[in-house]
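Remarks on the structure that follows.
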Amino acid sequence: MARPRFRYSRWDGTQVGFDLDADTVLEQITDDLLYHGDLHSALRRLLQSGFQDREGNWVQGLRDLMERLRRERQERLDRFDLGGVYDEIARELTEVVETERGALDRDDERQFQLDMLPPDLAGMVRELQSYEFASPQAAQRFEELVERLRQQVLDSYVNRMTGAVEGMTPEDMARMKDMLAELNQMLEARAQGQEPDFEGFMERYGDFFPENPQSLDELLEVLARRMAAMQAMLASMTPEQRAQIDQLASQLLDDMDLRWQVEQLGSQLQGMFPEMGWGQQYNFRGQDPLGLAQAASTLEELGDLDRLEQLLRGVAQPGALAEVDIDRARELLGDEAGRSLDELARLTKLLQDAGLVDQREGRLELTPKGLRRIGRNALHDLFQKLAKDRLGRHDLEQTGAGHERTYETKAYEFGDPFNLHIERTVRNAVARTGGGTPVALLPDDFEVERTENVVRSSTVLMLDLSLSMPMRDNFLAAKKVAMALHSLISMQFPRDYLGIVGFSEVAREIRPQDLPEVSWDFVYGTNMQHGFQISRRLLAREGGTRQIIMITDGEPTAHFEPGMVEPFFSYPPVRETVDATLREVVRCTRDGIRINTFMLDPTGHLRAFVEQLTKLNQGRAFFTTPETLGDYVLVDFIEQKRELRRTANPGRRAPR
């Protein structure tokens, strides 16, 4: 089989590598998700702000894209002059008349006819059509102008449905009229619940539609967009300009049945696509004159820009971007904007395909895999900060109740756990006997795996959810530590127990899978007493060393008394609340539960309370900030695990 061959070249900046992956997306919404606790909101804000893909390329957000849309619209309005539609025709007619005057004698009666031409365009065209030209050049130029105007008006009125308008014969015009009549009949049939023969229609008239629409709905949308552009062009003109163009159209499209078919189609499309901005007015302020056909094209672009902006403004989740015509957006805004829209539209599917989120009852939720990834992201961020202290990832051994394998062996001694290492035992016997089968084993051949005693830890993290936490910018740091600690224990110490208790006016247990969506409570009150009660109950079911890690930024201001249904709240805290909380601390101490407190923005009252708490419990207190909270909690937790390891296995050194 031929081996595959690969060719490599120097990167020159034009090559495109992998651009977007689910982990990159989830990493960039981790902080937002943890702070607000809402996956939908985090994705919506990511859509608005934009993000970097894993190649470092910036994906524009909806705010940037809508600003780009507004700039594109304004550029057209500042550049063009819609009055040019009228001025261009008037200028050419004036030149035709002046050419004709040059071919006439001063006393020629036709000079008087030219002097009496109506001032309006439609009237001037009507009179010149019956005028007998003396100048062949003027006659030819007038006929060319009329034919070109007829083509432009026809092209605009029937929405440039065909590239064959120029040079159309009367037979072609009749066929176009038949096509419009049949299209109107198809719409009437659909309104009556019938299914029109779209394929047959396209076989007969497909050459009129270079866009090659694949369905009747697609065709109608194209026609509606273009006809709405024509309406917008007329609405953006002055009343005088609009009247002139309308009269000119009537003069040039003298086949009233054709015009009736066009107007009938427009009326039906306006009812089917009301969102197309029919009659939208634009204030052109530029100098470049627009011809009739160019004006219709420009107004169509403006309409598409408006509709795209309206769609983007209403987007609440990536899936809604599936309605965007990416190719059209790329034409209007450029390749970079088109790429950004394409990647934004793929966000939800990307996360779902990676198994990080799932749609349940119309709502996006993190899967267990997504929950683990969020925790790892939080843990990675904190360990990155610790890298300068040479802590890095740590070589942390998994611990649990009972004994742990060390992957070392020793000769069996009486009393050792009989964890026989088969390979080494057989090798010892073969070495002793010199080979041969069967292999005879003796007790001296036995070699067992070394084990070491380990201590199981049970931890409850008490997380302050009172309103002061976000008000003092402490909430994100605290919640990030909670996610990181959960991830650390799940990955490195799977036999350990971690419970989570949130407390504000009251306390409640939080399941790890619900932690990403936990937010602060919009109430005042810091009920540590209730938090300690729930934590003590959770730890009573667990073995090993037991501890409570409390993260807070305020002293206790709420508590329950026996028989109370609602907690008592007072700020500043009263003696009764402090005493009730300390009584619960004493109960934790009796149960062998150590309380380690991490204080954010410690006030004098909080310091005084924590000093009493640590004196009663013999735990420890850490005065920290949101920036260093993760360092303190993780380092302290890891060091405690090492100390427990050394205590359980004296003489052995924990690897670093």
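Ordered by the number of other Cβ atoms lying within 10 Å of each residue's own Cβ, fewest first, 330, 68 fall into the sequence 330, 68.
Legend: ranking of residues 475, 201, 142 from fewest to most surrounding C-beta atoms inside 10 Å; resulting order 201, 142, 475. Summed over all non-identical Cα pairs, the Kirkwood treatment of segment 457-648 gives a radius of 16.5 Å. Listed peptides 422-431, 219-228, 275-284 appear in the order 219-228, 275-284, 422-431 once ranked by packing, highest mean of other Cβ atoms within 10 Å at the front.
Dipole check for segment 179-218: with +1 at the C-beta of Lys and Arg, -1 at the C-beta of Asp and Glu, and the Cα centre as origin, the magnitude is about 120 Debye.
A protection proxy built from the mean count of other Cβ atoms within 10 Å ranks the segments 306-317, 521-532, most packed first, as 521-532, 306-317. Could you pull out which residues in segment 502-537 have an amide N less than 13 Å from a spot 7 Å beyond the Cα of residue 41, following the Cα-Cβ vector? Output list for this probe position: 517-522. The protection proxy used here, the mean number of other Cβ atoms lying within 10 Å of each residue, ranks peptides 55-63, 481-489, 202-210 as follows, highest first: 481-489, 55-63, 202-210.
Every number in this text was worked out from the coordinates using simple rules, so none of it is lab data. This structure is a prediction, so every number in the text was calculated from the model and none was measured. A quick note on method: Cβ atoms are made from the backbone with ideal geometry, for glycine too, and the neighbour counts reach across all protein chains shown.
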